[in-house]
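Trainee: Let me give you the structure first, and then I'll get to my questions.
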Amino acid sequence: MELTEEEIQSLLNGWVASLRRQLAQKRQNRGFYGELKRGYSNWNATGSLSKSLSANIQTINGEQQLVLSMDKQGIWVDEGRRPGRWPPVQPIDRWTIVKGLAPRTETGRFMERKSLVFLIRRSIGELGYKGSNFLVDGTLNYIDKLSDGLTQVFVQKLEKLIIKYNE
């Protein structure tokens, strides 16, 4: 009573879709230790992480294994970053451009992007940030939805076996 390759790929595609939905959810920003920060955001600024998600079955060392592939920033988005070292300039600079951040100073002038990037990096370096846990949360959400579907698939396969056995 094995699943076909199409059924397995369909299940994997559903799992990836659940992870993408988890990335797109708006949530309140928190520091690494759970303290609240200002604002709400999703973890999907450019969509590149969401687009890079894929899952498939590969044979590694003679064993079939489930492989989830994603961009390297996915681990930081999922697990977060501890306080301590400052993050690199370039990714934060790109992120501010994509998000269209242009805050104003006390005098009403737009803040220079270089200053904004410095402040964001300092905040992350001093406070860290709590990851989104999108891998665990998305997987658990999918398992809840999947349990009904798997039960139906299992029952259908079982019925087919019973019919074949009775013939």
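The values are calculated or read from the model by the stated rules, or taken from the named source; none is laboratory data. Please read all numbers here as calculations on a predicted model, not as lab measurements. Note that each Cβ is placed from the backbone with ideal geometry, even for glycine, and that neighbours are counted across all protein chains shown.
Trainee: Considering 108, 125, which residue is among the small types (Gly, Ala, Ser), at pLDDT 85 or above and surrounded by fewer than 13 Cβ atoms within 10 Å (Cβ to Cβ)?
Mentor: Working: 125 fails: surrounded by fewer than 13 Cβ atoms within 10 Å (Cβ to Cβ).
After applying the criteria, what remains is 108.
Trainee: If you take the residues in the range 56-91 that are within 13 Å of the chain's Cα centre (by Cα) and outside any helix (DSSP H, G or I), which one is surrounded by the fewest Cβ atoms within 10 Å (Cβ to Cβ)?
Mentor: Ranking the qualifying residues of the range 56-91, first place goes to 72.
Trainee: For the subset of the range 26-45 comprising residues that are in a loop (DSSP other than H, G, I, E, B) and touching a Phe, Trp or Tyr at 6+ places or on another chain (Cβ under 8 Å), which member is modelled with the highest pLDDT?
Mentor: From the range 26-45, those in a loop (DSSP other than H, G, I, E, B) are 26, 31-35, 42-45; that's our starting set.
Now narrow it down to the ones that are touching a Phe, Trp or Tyr at 6+ places or on another chain (Cβ under 8 Å): 26, 31-32, 43, 45.
Numbers: 26: 66, 31: 56, 32: 53, 43: 60, 45: 70.
Filtering the range 26-45 for residues that are in a loop (DSSP other than H, G, I, E, B) and touching a Phe, Trp or Tyr at 6+ places or on another chain (Cβ under 8 Å), the one modelled with the highest pLDDT comes out as 45.
Trainee: Separate question: Any residue that is among the hydroxyl-bearing types (Ser, Thr, Tyr) and in contact with a Leu (Cβ under 8 Å, 6 or more places away or on another chain) - is there at least one of those in the range 104-127?
Mentor: no
Trainee: Contact list please: Cβ distance under 7 Å, first residue in the range 106-118 and in the same structural domain as residue 95 (by TED's automatic domain parsing) and closer than 14 Å to residue 94 by Cα, second residue assigned to a helix (DSSP H, G or I) and among the hydroxyl-bearing types (Ser, Thr, Tyr), pairs at least six apart or on different chains.
Mentor: Pairs found: 113/96; 116/96; 117/96.
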